[in-house]
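These notes are about the structure you will find just below.
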Amino acid sequence: MNHPRLIALIALLLAACQPSIELEPTPPLDPPPIAEENITTMEVFSAQASGVNLRETPDTNSPVMLTLPNGSKVITTHIVKTLPHLDPDGERQVWTLVIAQDRAGWVFSKLLHEAK
């Protein structure tokens, strides 16, 4: 018996010995609720007079959902994303997911300050 036939025979035997398992699809998981202690009200400030951009994703190339005037209050979720590329100060870019004007989006974390 040559090797290709032997390998095919072994594969058939192994397939016959294994029980057939049918997996049921799992429903998508709901995101976990954000703990109350992880929700903070903060203000946004930018050196730009136009304010701070609320973005769809944590990236400066992401579409701007809206521009928040300086001093706007936002709710921070403490969900952050650190990107591998550097900001203008030579540090890793860190973004925070916030809620502002009934919309959730990403703000550059350096622009967030404690609310007065």
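The values are calculated or read from the model by the stated rules, or taken from the named source; none is laboratory data. Model, not experiment: these values are computed from the prediction. Heads up, the Cβs are rebuilt from the backbone with ideal geometry, glycines too, and the neighbour counts pull from every protein chain shown. Accessible surface areas use protein heavy atoms only, side chains included; no ligands, DNA or RNA. Shrake-Rupley method; radii C 1.70, N 1.55, O 1.52, S 1.80 Å.
Some points to look at:
- The residues in region 65-93 that are under 13 Å from PHE108 (Cβ atoms), of a type in the set (A, V, I, L, M, F, W, C), over 16 Å from the mean Cα position of the chain (by Cα) and open to solvent by less than 70 Å² (accessible area, probe 1.4 Å) can be counted, and the count is 2.
- Checked against the criterion of being touching a Phe, Trp or Tyr at 6+ places or on another chain (Cβ under 7 Å), surrounded by 16 or more Cβ atoms within 10 Å (Cβ to Cβ) and more than 11 Å from PRO58 (Cβ to Cβ), the candidates LEU111, LEU97 yield just one match: LEU111.
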